[in-house]
Structure formats: C-alpha cells, structure tokens
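Reading through the structure tokens given below for one structure.
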Amino acid sequence: MGVEDMSHYAPKRSRKVKNILFSCLKNTFILAVALMMIYPLFWLFLSAFKTSEDFFQNPFSLPTEWILDNIFQAWEIANLGKAMINSTIVTVTATLLTVFVGALTAYAFSRFSFRFKGLLMGFFVLGLLIPIHSTLVPIFIMMNKIAMLNTYWALILPYTAFELPIAIFLTVAYMSTIPKELEESAYIDGSGYWGVFFRIMLPLSVPILATVAILSFLRYWNEFVFALVFISDSKLKTLPLSLAIFSDGYTTNYGLTMGAMAIAVIPTIIIYLIFQEQIMKGMMAGSVKG
C-alpha cells in the first residue's frame, strides 16, 4: 500500500520540481533582460562623473575620480536651463494636442457610422507608413512661406501630425471595447455628444491615453532632425540641439556630453515613473481587448 502511494505521488512531485525549475529559469531570464535594459542608463550616469581620459581608459568601471563639475559645466555651457524650458513647451503642447485630437477623432470613428468612414480610417492608418524624414524638405518650404520657422509651432504641428495616426489607431481599438449602454444611459439623462465624450469616454480611456501620451512625450523630447532643420535661433533650441554643442566634428568632450545627457534623461524617467501604472493598464487592456 505504501509503495502504491509513493508511485501515485511521484508524478505530482516530478511536475512540482519541473514547475519550480521552470519558474527559476523564467525569473533568471527576466532578471537578465532587466539588467541588460537598465545597464546603459547606469553606464550613462557613471560616465557623467568621468573625465574624457577616464572615459576611454576605463569605459565600464567606476570613475577613478568623481568629477561633479561635469554636470554644472554642461548646464552652463549648453544653456540647458533654457533648452529644457523650450523642450518642455514643445513636448507638453504637442503631447496634449496629440492626446486630445487623437481621442476626439477616435471617439468619432469608434462610436458613429458615417459616409467614407472606412476610407478616412484607412487614410489615417496610411500615415503610419510614411517615412517621417522624407517630408523634411516640403515641410521646410511650407513653413518658410508662412513665416513659421524659428517658432515653437514649427515643431509642435509636425510632431502632432506624425504622431496622430498611431494615437488614433490605438485609441479607436480601445474605445470600441467600451459598452454603448453607457452612452445610451447618458443620452437618456440629457447629455449630448460633448458631455458623453468628456464625462464617459475620456475618463474610461485614461489607460490608453496615458500610453499614447508617454510614447508621444518620449518621441518629442528626444527628436533631433526636425529641430535641427526648423530651428536656428539659439534662444529656441531644444535639448537634443543643445547636446550637440559638445561635439565639433573633430573632438568630443565625453565627460560633459554624458553629464548633459544625464540631465536630459531625468525628466523622461520621472514622467515614466509617474504614469507607469496607467501605461501598464493601457497595454494590458489593449492586449486583452484589442
């Protein structure tokens, strides 16, 4: 009887051991990937406190001497304070426009039926296939004709236009999963289209809108080529343009460059930490419902 009991529980024990081993391997793999992802950021902050000589001689080790002046000199030389203000104005404005216009358009596509709806939706999706930088010359000519070069709007409008297709695509998929009974109840209570949009659709779409916002914010904050072409006034330079000051084509002061990059990356980390819960909710909802 005892032998039979042991033989009965043997497969269960074997499965339990396999599950434990699989869990350990999975957690080890996830930890390794996480370390690989976070190491470049760790390396950036370490390099920000090195001299250029130390950067080349000991690229992957701790600084032989911690140089705190790199941060302060980079801030003053590149006028990062003004550049950060410019980047904040452009990025925040473009992000708000992207989220609001994207949500409003997605509301129309997901809740109403109208003529040429499929054609218009295809038109927006087609925007995902357009190489952004291939439009630099025509946009530059247009901006020059309407005297919009060297203004914040020279960046805000193109940023918003090129980010809208993905914003609309994601938000339509999410809004389509919201029960229409909620709208019908609101209409019975006397709400109009705008009331339903602001009181029901926007609050329920916060997870996906947060995802769109953070993706847009990161793209706008780090964008270089459009800012380089459309902005020549030093007072309007964004952070990516200011970082280029430390490289003159012949030499690069890597200590100051890493110090400036460390300053520039801090706002993106803060924004992600603030909205990470909503971002994860949006991604999970999109993977399950979309």
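With every atom except the alpha carbons ignored, what do you get for Rg and Dmax of the chain, in angstroms?
Final numbers for Rg and Dmax: 25.6, 93 Å.
Have a look at 205, 216, 242 and tell me which one the Gaussian network model of the chain (Cα, springs below 10 Å) gives the largest fluctuation.
205
Assuming R0 = 25 Å, what is the FRET efficiency of residue 177 and residue 119, from their Cβ-Cβ distance, to the nearest 0.05?
On the way: r = 23 Å, r/R0 = 0.94.
After rounding to 0.05, the efficiency reads 0.60.
Fewest Cβ neighbours within 10 Å first, please rank 16, 82, 50 accordingly. Could the numbers behind the result be given before it?
Values: 16 11, 82 15, 50 25.
Fewest-to-most ranking of 16, 82, 50: 16, 82, 50.
Using a 7 Å offset from the Cα along the Cα-to-Cβ direction at both residue 101 and residue 61, what is the distance between the two label points in nm, to one decimal?
According to this spin-label approximation, the distance is 5.3 nm.
Run the helix sum for the chain: -39,500 (n - 2.57) per DSSP H stretch of 4+ residues, divided by residue count, reported at 222 nm to the nearest 500 deg cm²/dmol.
Working: 13 runs with 213 residues, N = 290.
It lands at -24500 deg cm²/dmol.
Using a Gaussian network model of the chain whose springs link C-alpha atoms within less than 10 Å, name the residue from 86, 58, 150 with the highest mean-square fluctuation.
Of 86, 58, 150, the Gaussian network model singles out 58 as fluctuating most.
Pop the C-beta distance of residue 39 and residue 188 into the FRET formula with R0 = 45 Å and round what comes out to the nearest 0.05.
Working: r = 56 Å, r/R0 = 1.25.
Plugging the Cβ-Cβ distance into 1/(1 + (r/R0)^6) gives 0.20.
Can you list which of the GluC sites (Glu not before Pro) found in segment 19-128 are DSSP loop residues with at most 16 other C-beta atoms within 10 Å?
65
Short version: ³J(HN,Hα) in whole Hz for each residue of segment 96-110, in order, from phi by Karplus 6.51 cos²θ - 1.76 cosθ + 1.60 (θ = phi - 60°), x for Gly and Pro, what are they?
Karplus-based 3J(HN,Hα) across segment 96-110 equals 4, 4, 4, 5, 5, 5, x, 5, 5, 5, 5, 4, 5, 6, 8 Hz.
For the chain, modelled as a GNM with alpha-carbon contacts under 10 angstrom, which of 190, 255, 127 fluctuates the most?
Answer for the Gaussian network model of the chain: 190.
Of the chymotrypsin sites (Phe, Trp or Tyr not before Pro) in segment 175-269, which ones lie in a loop per DSSP and count no more than 11 other C-beta atoms within 10 Å? All intermediate terms of the calculation are to be shown ahead of the outcome.
On the way: sites: 187, 193, 194, 197, 198, 217, 220, 221, 224, 226, 230, 246, 250, 254; in loops: 224, 250.
Those satisfying the criteria are 250.
Length gain on complete extension for the stretch residue 130 to residue 27, per 0.36 nm per residue less the alpha carbon to alpha carbon distance?
Working it through step by step, the gained length comes to 33.1 nm.
Read-outs throughout are calculated quantities, based only on the coordinates presented, and are distinct from any laboratory measurement. Fair warning: this is a prediction, and the values are worked out from it, not measured in the lab. Every residue, glycine as well, gets a Cβ built from its backbone with ideal geometry; the counts of neighbours run over all protein chains shown.
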